[in-house]
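Engineer: Mind having a look at this structure? Questions to follow.
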Amino acid sequence: MAARHASGKATVAAQADELHSSLTIGEESIDPTTWAGSIPQQHGTAPHVRFGRSRWFNLLWLIPVGFVVLISAVAVAKGLRNNPSVERFIARNPGTTLTPEALENQGFPWWVGAQHFLNMFLMIFIIRSGAQILADHPRLYWTRHSTPGKEWFRVQKEVPNVPLWTAKEDSVGLPRQVGLPGLRHTIGLARWWHLGTDVVWLLNGAIFYVLLFTTWQWRRVVPTTWDIIPNSASALLQYLSLDWPTEHGWVAYNGLQMTAYFITIFIAAPLALVTGLGMSPALSTRFRRVSKVLSIQAARSMHFLVLCWFLFFIVIHVTLVFTTGLLKNLNHIYGGSDSSSWLGFGVFAATMVLVIVAWAAATPFTLRHPRTVQRVGYALIGPVQRLFEHVDTRPGEYSEGDISPYFWHNGQYPDTSEQYNALRKGDFSDYRLEIAGLVDNPVELSLADLRALPHHEQITQHFCIQGWSGVAKWGGVSMETILELVRPGPEARWVVFYSFGEGADGGTYYDAHPIEQMHSELAMVAYDMNDEPLPYGHGAPLRLRNEIQIGFKQVKWIRAIEFVADFEAIAGGEGGYNEDHEFFGYRQSI
C-alpha cells in the first residue's frame with residue numbers, strides 16, 4: 001500500500017490548525033434575514049392528497065364541501081325529528097345513561113381542570129413545532145422510499161426536474177405565529193420544542209391515567225355497555241337537529257362525548273407515542289420486524305393523521321363548549337360547580353391570557369435565545385436519545401431489492417472550493433485523505449490506497465432529520481479498519497470528520513462522532529454507492545456512513561479525519577456545524 005506517513009508532529013499540528021482556522025463558530029441569536037445562509041422564506045401550497053398515480057385533490061375544497069354537507073345534515077336531522085319512530089328511538093336512548101354511581105359521583109375533581117389546562121398549554125407547542133417539522137420535508141409517504149411523485153400528501157409543489165435539487169431546497173416556511181419558530185429550515189429548534197414538550201406531555205398524561213383509574217372518573221370516558229352505540233346515534237341526531245343534549249354534563253357524558261373522549265385518550269394519545277417512536281432511526285434499526293411493517297415513513301404519515309384527529313377534536317370540542325351553554329360548561333371544568341356563575345369564565349380567561357402570552361412569546365424567545373432552547377431540549381430528551389444509541393446495528397437487514405429508486409440530495413455542495421474543484425477535475429487522482437490527531441500512526445491515503453484496504457459493503461437505510469429516508473448500498477472501508485491502521489491513543493474519545501464543503505453560513509462543514517461508534521459493523525467511509533463510484537451529489541470522493549446516527553452527521557466530500565479528546569474547543573464547541581449554527585444536537589438517535 002502506498003500510504004504516506006505524515007512527517008512529524010509539527011506537520012500534523014499545522015494540518016490541524018489549517019482545518020480549525022476554516023471553521024466558524026455560529027451566532028448565539030437568530031437574525032431572520034441571514035438565517036441558514038439567507039435562505040428565502042419560501043411558502044408552500046395548499047395541502048393536496050394524491051388519488052391514483054398522478055391526480056391531486058386540493059383539501060381546501062373540503063371547507064365549502066363540508067359546509068354544504070353540514071347544512072344538509074342539519075336539514076335531514078330536523079326532518080327526522082318529526083318522525084314518530086325517531087322520537088321513540090330518542091326517548092328510549094336519550095343519549096346519556098344516568099347510573100346510580102354517576103348520580104353519587106357528580107361533578108369534576110380539581111385535578112381534571114388542572115390537567116385540562118396543562119394539556120392545552122403543552123399542545124400548543126407540540127402542534128406548532130410539529131407543523132414546523134413537517135414543513136422541513138412537506139411530503140408524506142407510506143413506504144420507506146421517499147420517491148418524488150409517490151407521496152400521498154404534500155404542502156409543496158411537485159419536485160422540479162433539477163438533477164441536484166436538495167431536500168433543504170424543498171423545505172417551506174410557515175408564518176411565525178403558526179410554526180415554531182416559524183422560519184424556514186429551523187427543524188433543529190423545532191425538534192427541541194417538540195421532543196422536549198413531548199416528555200412533559202407524556203409525564204402529564206401518565207399522571208392523568210393514574211388519577212383517572214384510581215377514582216370514579218374513568219367511568220365518564222370508558223364505555224362499559226353496548227348502550228353506547230344507540231346513545232351515540234341519538235346524541236348525534238340531537239346535535240345535528242340543534243336540540244343540544246346538554247342537560248346531564250355535570251353527571252355523565254352522553255354517548256357521543258364518551259366515544260370521542262375514549263378515542264382521544266386511549267387510542268389517539270397512545271398512537272401518537274407509538275408512531276412518534278416509530279420515526280426513531282435507532283428504534284427502526286433495533287426492532288426490524290416491526291419497522292418492516294411500520295416503516296419510518298408509515299409512522300410519519302400515521303403521526304400526521306393523529307395530529308389531524310387532535311385538531312378535529314379541538315375544533316369540535318371548543319365549538320360545542322361555546323355554543324351549548326358556555327358559562328355552565330366552563331364552571332364544570334374551571335369552577336367546580338354546575339352553576340351559571342361567571343367564576344369558571346374568569347378562571348378560563350386567566351388561563352387563556354397565559355396561553356396567549358406563551359403563544360406570542362415562543363417564537364421571539366426562540367430567536368433571541370436559541371442556545372437555551374437547544375440545551376433545555378437536550379436536558380429533557382437527551383437521556384432517552386443516549387439510551388437509543390446503544391442499538392444492535394448488525395448488517396444484512398436489507399437486500400439489493402430494497403434499494404430505493406430515488407435518494408434525495410442534501411447539503412451545501414463544495415462548488416466554491418477551488419481545492420475540491422481541482423481534485424474533481426482530475427478525477428480525484430490527487431486526492432489524499434488526511435487522518436491525524438491523537439493517533440500513533442497519522443496517514444494520508446489516496447483513493448487507490450483506500451481501495452487497497454479490505455473492502456466493506458453494507459445496504460442500509462438512511463434517515464434524514466428532515467423526515468425523508470432511503471435505502472442504498474455503500475462500498476468502501478470500515479472504520480474498524482481505519483482504527484486498526486492509525487491506532488488511536490487511549491485519550492482519543494471523538495472522531496471529527498471535515499468536509500470540502502461549507503455550511504450554509506460559510507466555514508467548513510464538520511461533525512464529531514463518539515469513537516465507540518466507529519467500532520460498529522455499520523460504520524464506514526464509502527467511495528461507492530449502489531455499485532458505482534460515489535457521485536458528486538452524494539459526497540464524492542468519500543463520505544461517512546455511521547448508521548447509528550442520522551443524515552446530517554454523515555459528512556460528505558470528506559477532506560480529513562481527526563481524533564480528539566473532546567470537541568469543545570472545535571469551532572462553536574457543540575460537536576458539529578449544524579449543532580453550532582442551526583442548533584441541532586450532537587446525538588440525534590430519535
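Engineer: Need pairs with beta-carbon distance below 8 Å; first residue hydrophobic (A, V, I, L, M, F, W, C) and within region 21-33, second at pLDDT 90 or above and loosely packed, with under 15 Cβ neighbours inside 10 Å; sequence gap 6+ or separate chains.
Structural biologist: Taking only residues 6 or more apart or on different chains, the pairs are ILE30/ARG368.
Engineer: Right, another one. Is it the case that region 563-583 has a residue that's modelled with pLDDT of 95 or more and in a strand (DSSP E or B)?
Structural biologist: Yes.
Engineer: As an exercise: evaluate VAL210 against (1) among the hydrophobic types (A, V, I, L, M, F, W, C); (2) touching a helix residue (DSSP H, G or I) at 6+ places or on another chain (Cβ under 8 Å); (3) over 17 Å from ILE90 (Cβ atoms) and give the number of the one condition it does not meet.
Structural biologist: (2)
Engineer: Read through the list (1) in a helix (DSSP H, G or I); (2) farther than 24 Å from PHE304 by Cβ, then give the number of the only condition that THR97 fails.
Structural biologist: So the condition that THR97 fails would be (1).
Engineer: To continue, here is another question. Which count do you get for residues in region 440-459 that are under 16 Å from GLU480 (Cβ atoms) and either of a type in the set (Lys, Arg) or surrounded by 21 or more Cβ atoms within 10 Å (Cβ to Cβ) (or both)?
Structural biologist: Result for region 440-459: 4.
Engineer: State whether one or more residues within region 331-352 are within 23 Å of HIS194 (Cα to Cα) and either open to solvent by 50 Å² or more (accessible area, probe 1.4 Å) or in a helix (DSSP H, G or I) (or both). Spell out how you get there, then give the answer.
Structural biologist: Our first condition is that a residue be within 23 Å of HIS194 (Cα to Cα); within region 331-352, this holds for 351-352.
Okay, now just the ones that are also either open to solvent by 50 Å² or more (accessible area, probe 1.4 Å) or in a helix (DSSP H, G or I) (or both), so 351-352.
Yes; the residues of region 331-352 include at least one that is within 23 Å of HIS194 (Cα to Cα) and either open to solvent by 50 Å² or more (accessible area, probe 1.4 Å) or in a helix (DSSP H, G or I) (or both).
Engineer: Among the residues of region 489-504, how many are in contact with an Asp or Glu (Cβ under 8 Å, 6 or more places away or on another chain) and of a type outside the set (Gly, Ala, Ser)?
Structural biologist: Within region 489-504, residues that are in contact with an Asp or Glu (Cβ under 8 Å, 6 or more places away or on another chain) and of a type outside the set (Gly, Ala, Ser) number 6.
Engineer: Just for region 205-247: of the residues that are in a loop (DSSP other than H, G, I, E, B) and open to solvent by less than 60 Å² (accessible area, probe 1.4 Å), which one is farthest from GLY107 (Cα to Cα)?
Structural biologist: SER241
Engineer: Any residue at all in region 533-547 that's surrounded by 22 or more Cβ atoms within 10 Å (Cβ to Cβ), at pLDDT below 95 and in a loop (DSSP other than H, G, I, E, B)?
Structural biologist: yes
Engineer: Further question on the same structure: Filter region 114-153 down to the residues that are open to solvent by less than 20 Å² (accessible area, probe 1.4 Å) and touching a strand residue (DSSP E or B) at 6+ places or on another chain (Cβ under 8 Å), then identify the one that is farthest from TYR334 (Cα to Cα).
Structural biologist: SER146
Engineer: Hey, can you tell me all the residues within region 487-516 that are of a type in the set (Asp, Glu) and either assigned to a helix (DSSP H, G or I) or open to solvent by less than 20 Å² (accessible area, probe 1.4 Å) (or both)? Full working, then the answer.
Structural biologist: So in region 487-516, the residues of a type in the set (Asp, Glu) come out as 491, 502, 505, 511, 516.
Listed by number, the residues that qualify are ASP511, GLU516.
The values are calculated or read from the model by the stated rules, or taken from the named source; none is laboratory data. Just so you know, these numbers come straight off a predicted model, no measurement behind them. With ideal geometry, Cβ positions are generated from the backbone for all residues, glycine too; neighbour counts draw on all protein chains shown. Just so you know, the surface numbers come from the protein's heavy atoms only, side chains and all, with ligands and any DNA or RNA stripped out. Shrake-Rupley method; radii C 1.70, N 1.55, O 1.52, S 1.80 Å.
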